[in-house]
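K.L.:
Attaching a single structure in structure tokens format; questions to follow.
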Amino acid sequence: MNLKPWMAAAVIGLAGSAFAQDDSTLSIDGEEFVTETEAPAHLENVSTIYSGWRFRTPETQALQVDDFDNPAMIFVDQALDLFQQVDGTEGKSCASCHTDGPEEFAGLHAKMPKVVDGKLMVMEELINTHRQDAMGAEPWKWSGADMQAMVALIGLQSRGMPMNVAIDGDAAPFWEKGKEIYYTRYGQLELSCSNCHEDNYGNMIRADHLSQGMINGFPTYRLKQAKLISRHNRFRGCIRDTRAETFAEGSDEFKALELYVASRANGLDIETPAVRQ
Amino acid sequence: MKHVIGVGCAVALAGTIVWAEAVKPTDVVFEDGAVSVSLSGMPGDPANGAVLMNKGSGNCIACHAVDALSDLPFHGEVGPPLDGVADRWSEAELRGIVADAKKMFDGTMMPSFYRTEGFIRLGDAYTGKAFEGAEVQPLLTAQEIEDVVAFLVTLKEE
């Protein structure tokens with residue numbers, strides 16, 4: 001490989017890319033959010049982590065600043081109704097047992113995914129376990145409207161708390177697997193998550209301003225799709241765009257990837273439900 | 001003008017050998033990352049090359065800015081701007097870079113446009129499903145590579 005003149009320029013360009021997110025600060029209803037902080041110790045190639053909010057246009061950013069403007073809140077309201085709604089053979093609603101309301105789940109999102117009895121669990125599974133086992137109700141579809149509304153409602157209870165998933169102990173083997181997936185170059189385009197979200201955040205790829213691919217705002221409301229997008233749906237889209245065979249939503253691979261990606265955001269405040277283009 | 005030359009060559013070639021045959025993706029010979037012979041055995045069409053820079057499996061401007069294509073919106077910043085690229089690289093080097101950039105730039109993020117092997121979880125285009133066909137098609141055909149290269153050699157600044 002020969003060193004050509006543009007490479008010097010490219011190195012400068014890359015150094016600059018670390019500043020390509022904007023300087024805005026996010027406060028929602030008067031409360032300030034950490035959208036930029038020192039990277040967690042396990043991250044080798046990145047020194048500062050940023051919320052995806054910092055890479056969005058001022059118009060999109062504004063929609064997240066006031067809950068009255070945030071289109072995701074309609075779905076959160078629907079989830080509040082679902083929480084009270086009796087469903088399944090046991091004649092129960094979530095509220096029958098969780099009598100203090102969803103507020104009981106404050107702090108839970110910050111620690112998800114987590115290992116329970118040797119099994120890596122993500123929020124969708126916690127919810128469906130309760131629907132099936134405690135209520136005798138049909139499980140919800142992973143990326144379905146009801147499921148993601150409920151994930152958003154439970155996530156909202158932790159808004160403003162820093163992400164803090166465990167990566168050691170029981171979680172370690174899952175985390176390692178997720179890390180391996182993150183750095184694998186899939187598909188005919190041979191691109192890994194890290195190619196775009198670690199090596200090129202701050203750069204434009206076609207019309208998209210690349211962020212660090214953080215999940216501290218998920219589920220996010222995507223203006224383009226006018227609905228809440230699950231983490232696994234986002235992963236699927238990103239892998240599909242490399243001309244690869246994706247993994248299924250809810251698969252062991254995506255759950256491990258979710259744990260790893262969540263751990264890259266450790267220290268950033270939870271923004272659920274965030275708004276994206 | 002270029003078109004006319006292209007057609008003339010094809011006729012001349014057709015006269016001597018039966019027809020120019022494309023070099024298969026698995027048979028391409030790289031020397032220091034460069035490929036000296038036309039992959040299709042034919043000259044490239046720079047006008048079609050410019051179209052491929054923007055659309056379909058080429059989509060080069062997703063990652064590269066090109067002043068000569070400034071009428072098109074949204075040029076990427078992942079790779080270096082391609083202005084003046086023909087001052088920096090010979091035609092053979094450009095052909096090598098477009099056919100399989102990993103031969104020139106170890107581990108580069110630039111996709112290999114004329115390679116059909118060695119992929120992890122190869123999909124069926126952008127469907128997200130597994131590839132199930134018999135023969136993997138490269139991202140660009142031999143002639144499309146030549147067309148893109150013919151466009152790139154026009155990008156001179158000096």
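K.L.:
Considering only residues of the stretch A:248-264 that are free of Cβ contacts under 8 Å to residues at least 40 places away in the same chain and in a loop (DSSP other than H, G, I, E, B), which is surrounded by the fewest Cβ atoms within 10 Å (Cβ to Cβ)?
P.N.:
Step one: filter the stretch A:248-264 for residues free of Cβ contacts under 8 Å to residues at least 40 places away in the same chain, giving A:248, A:251, A:254.
With in a loop (DSSP other than H, G, I, E, B) added as a condition, the list becomes A:248, A:251.
Values: A:248: 12, A:251: 15.
Only one residue tops the list, namely A:248.
K.L.:
Name the residue that is farthest from residue B:24 (Cα to Cα), counting only residues in the stretch B:132-157 that are among the small types (Gly, Ala, Ser), more than 14 Å from chain A (Cβ to nearest Cβ) and open to solvent by less than 50 Å² (accessible area, probe 1.4 Å). Can you show your working first?
P.N.:
To start, the set of residues in the stretch B:132-157 that are among the small types (Gly, Ala, Ser) comprises B:133-134, B:142, B:150.
Filter once more, so that each one left must be more than 14 Å from chain A (Cβ to nearest Cβ): B:134, B:142, B:150.
If we keep only those that are open to solvent by less than 50 Å² (accessible area, probe 1.4 Å) too, we end up with B:142, B:150.
Details: B:142: 8, B:150: 20 Å.
Restricting to residues being among the small types (Gly, Ala, Ser), more than 14 Å from chain A (Cβ to nearest Cβ) and open to solvent by less than 50 Å² (accessible area, probe 1.4 Å), the top hit is B:150.
K.L.:
I need a count of the residues in the stretch A:62-84 that are open to solvent by 10 Å² or more (accessible area, probe 1.4 Å) and touching a residue at least 60 places away in the same chain (Cβ under 8 Å).
P.N.:
Applying the first criterion (open to solvent by 10 Å² or more (accessible area, probe 1.4 Å)) to the stretch A:62-84 yields A:62-63, A:65-69, A:71, A:73-75, A:77-78, A:80-82, A:84.
After this cut, where a residue has to be touching a residue at least 60 places away in the same chain (Cβ under 8 Å) as well, the list is A:63, A:71, A:73, A:75, A:78, A:80, A:82.
Adding up the residues that qualify gives 7.
K.L.:
Could you list, in sequence order, all residues of the stretch A:167-188 that are open to solvent by less than 60 Å² (accessible area, probe 1.4 Å), under 23 Å from residue A:115 (Cα atoms) and within 14 Å of chain B (Cβ to nearest Cβ)?
P.N.:
A:181, A:182
K.L.:
Moving on to the next point. In the list A:203, A:195, A:216, A:233, which residue meets the criterion of being touching a Leu at 6+ places or on another chain (Cβ under 8 Å), open to solvent by 10 Å² or more (accessible area, probe 1.4 Å) and polar (S, T, N, Q)? Spell out how you get there, then give the answer.
P.N.:
Details: A:195 fails: touching a Leu at 6+ places or on another chain (Cβ under 8 Å); A:216 fails: open to solvent by 10 Å² or more (accessible area, probe 1.4 Å); A:233 fails: touching a Leu at 6+ places or on another chain (Cβ under 8 Å).
Result of the check over A:203, A:195, A:216, A:233: A:203.
K.L.:
Just for helices (runs of 4 or more DSSP H) wholly inside the stretch B:23-131: which have at least 3 residues that are touching a residue at least 12 places away in the same chain (Cβ under 8 Å), open to solvent by 10 Å² or more (accessible area, probe 1.4 Å) and more than 10 Å from chain A (Cβ to nearest Cβ)? Break it down into steps so the answer makes sense when it comes.
P.N.:
On the way: elements: B:46-54, B:85-88, B:91-104.
So the answer is B:46-54, B:91-104.
K.L.:
Do the conditions hold for residue A:34, that is, is it part of a loop (DSSP other than H, G, I, E, B) and under 21 Å from the mean Cα position of the chain (by Cα)?
P.N.:
yes
K.L.:
Could we say that residue A:123 is touching a residue at least 12 places away in the same chain (Cβ under 8 Å), more than 13 Å from the chain's Cα centre (by Cα), open to solvent by less than 20 Å² (accessible area, probe 1.4 Å) and closer than 15 Å to residue A:272 by Cα here? Break it down stepwise before answering.
P.N.:
On the way: touching a residue at least 12 places away in the same chain (Cβ under 8 Å): yes; more than 13 Å from the chain's Cα centre (by Cα): no; open to solvent by less than 20 Å² (accessible area, probe 1.4 Å): yes; closer than 15 Å to residue A:272 by Cα: yes.
For residue A:123, the condition - touching a residue at least 12 places away in the same chain (Cβ under 8 Å), more than 13 Å from the chain's Cα centre (by Cα), open to solvent by less than 20 Å² (accessible area, probe 1.4 Å) and closer than 15 Å to residue A:272 by Cα - is not met.
K.L.:
Inspect all residues belonging to the stretch A:128-147 and state whether any of them is β-branched (Val, Ile, Thr) and either at pLDDT 95 or above or crowded, with 17+ Cβ neighbours inside 10 Å (or both).
P.N.:
Filtering the stretch A:128-147 down to residues β-branched (Val, Ile, Thr) leaves A:129.
Keeping just the survivors that are either at pLDDT 95 or above or crowded, with 17+ Cβ neighbours inside 10 Å (or both) gives none.
Taking every residue of the stretch A:128-147 in turn, none turns out to be β-branched (Val, Ile, Thr) and either at pLDDT 95 or above or crowded, with 17+ Cβ neighbours inside 10 Å (or both).
The values are calculated or read from the model by the stated rules, or taken from the named source; none is laboratory data. Keep in mind that what you see is a predicted model, and the values were worked out from it rather than measured. Glycine gets a Cβ as well: all are built from the backbone with ideal geometry, and neighbour counts include every protein chain shown. Surface accessibility is based on the protein's heavy atoms, side chains included, excluding ligands, DNA and RNA. Shrake-Rupley method; radii C 1.70, N 1.55, O 1.52, S 1.80 Å.
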